[in-house]
Amino acid sequence: MASSLGELERQLRSISHSEEAIQAVQAFSNGLAGTNGRLQVWNAVNAIVRKPIDYGDTSALRFDTPDDRFSVLQGDIVQTEAAYFYGERIAGMPKFAVLNSSCDLVPGRTAHASLLRILPIQKGEERAKEKLGTLLKFSRRDSMYLPALPDDTEDVVGNGISFEGICQIRSSDLFLANRAASLSVVGWRIFASFVRTVMARANPREVELRMAVE
Amino acid sequence: MSTTLARHSALALVPGPTWNSFEKFRKGGNTTLEEIPEHGVGTLVGKGVTYRILRDADFQHLVGLATDVRRLQQGLNVIIQAAKVVAKHPDQEHVELLIHSAALFAGSPVLPTRDGHDAFQLTQEEIDSQASDGFNLENAAIPRPRF
């Protein structure tokens, strides 16, 4: 246990702003054999996404205490027309990933929830190949690769979760959204790695700057 | 993907099939649900309860419109509160407040919506870094998870 603020800062230094998790994802994907190889791994069922996790199934596995009950989980891919971005309601059945931790998504616990936009990549759009290749390398800090989902139109070749800009929705509306998919265990870990990195990363220059003024 | 200020299309629901018992509904199997057309509302009459069944896209559209109604109600509440203040204190300052509130509301009779998300964008550096990738999107058989 730290005995001073200075010691506490030193303890936190390696964990509070660490990019280690996202670097591990990137290294793994870089080790796969090109775009084709990456597609084979990441697009398999349960690689990143899986069938929506259903409370009926989990309660049958004895996850049935009052705290285990859920309607949606963190990272779930949902479709709704009741979310807002910069004051505009987004129509056209867009998809989103649920940003909140699952424990905040229990009915009655929070009034509002946050969603991340899912941007589809269509085969015919400009630079589609490059966009797919870039996302599959997990080299961006603001975008996470998702395969085309079962209910995406045939022209969709992949998706990106955009961590830039957060949408808002009433929790009560979120619980009525259509759940297109849940994240697999490793998909959920990757998602959380992005969330941490986007919310708290620091370059060495900022560390120096802050320490210089104290 | 652009922002619109046009009135968003009202959802025109149409009557779909009616089942007078759950048994009739169940016996029809999958084809029963396929009888519900786009924007159609099926009716299932149960014992003491009647259920309405509609496609998820129509349901999500309805929920989206309901959120707009809440926005309008909030705007109306501001005007009603301002009118109450004017009724209690009918002076020039409060009348102007009421006029200002009403003007704000009347000035935006439609609610801003956007259709879908913006497209994913790349930097030139990212485009260049993909130049050596031999992947051919045109001929690729991209696997897609099926649940």
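The table for this structure:
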read-out	value
Filter result for A:Ile53 (under 17 Å from the mean Cα position of the chain (by Cα) and among the β-branched types (Val, Ile, Thr))	yes
Inter-residue pairs, beta-carbon under 8 Å, first surrounded by fewer than 11 Cβ atoms within 10 Å (Cβ to Cβ) and in the stretch B:20-42, second assigned to a loop (DSSP other than H, G, I, E, B), 6+ apart	B:Glu38/B:Arg55
Positions within the stretch A:160-177 being at pLDDT below 95, closer than 22 Å to A:Pro147 by Cα and in contact with a strand residue (DSSP E or B) (Cβ under 7 Å, 6 or more places away or on another chain), in sequence order	A:Gly165, A:Ala177
Condition broken by A:Gln23, with the remaining ones in (1) touching a residue at least 12 places away in the same chain (Cβ under 8 Å); (2) out of contact with any Pro (no Cβ under 6 Å at 6 or more places or on another chain); (3) not basic (Lys, Arg) satisfied	(1)
The stretch A:151-199, residues that are without any contact (Cβ under 8 Å) to a residue 12 or more places away in the chain and within 15 Å of A:Lys51 (Cβ to Cβ)	A:Val185
Residue tally, condition more than 20 Å from the chain's Cα centre (by Cα) and on the phi < 0 side of the Ramachandran plot, over the stretch A:101-140	11
So A:Ser18, is it among the hydroxyl-bearing types (Ser, Thr, Tyr) and modelled with pLDDT of 95 or more	no
Helices (runs of 4 or more DSSP H) completely within the stretch A:11-89 that count 3 or more residues being within 14 Å of chain B (Cβ to nearest Cβ) and either at negative phi or in contact with a Cys (Cβ under 9 Å, 6 or more places away or on another chain) (or both)	A:20-30, A:34-42
Residue check for B:Ala102: away from every other protein chain (no Cβ under 14 Å) and either out of contact with any Ser or Thr (no Cβ under 7 Å at 6 or more places or on another chain) or under 30 Å from A:Ala44 (Cβ atoms) (or both)	yes
B:Gly75, sole failed condition from (1) within 14 Å of chain A (Cβ to nearest Cβ); (2) under 23 Å from A:Leu176 (Cβ atoms); (3) in contact (Cβ under 8 Å) with a residue 12 or more places away in the chain; (4) not aliphatic (A, V, I, L, M)	(2)
Residue list for the stretch B:96-139, filter: among the aliphatic types (A, V, I, L, M), at pLDDT below 90 and surrounded by 15 or more Cβ atoms within 10 Å (Cβ to Cβ)	B:Leu97, B:Leu98, B:Ala102, B:Leu111
Residue in the stretch B:122-144 that is within 8 Å of chain A (Cβ to nearest Cβ), over 24 Å from A:Tyr84 (Cα atoms) and touching a strand residue (DSSP E or B) at 6+ places or on another chain (Cβ under 6 Å) present	yes
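The values are calculated or read from the model by the stated rules, or taken from the named source; none is laboratory data. Just so it is clear, the model here is predicted, and its values are computed rather than measured. Positions of Cβ are generated from backbone atoms using ideal geometry, with glycine treated the same way; all protein chains shown enter the neighbour counts.
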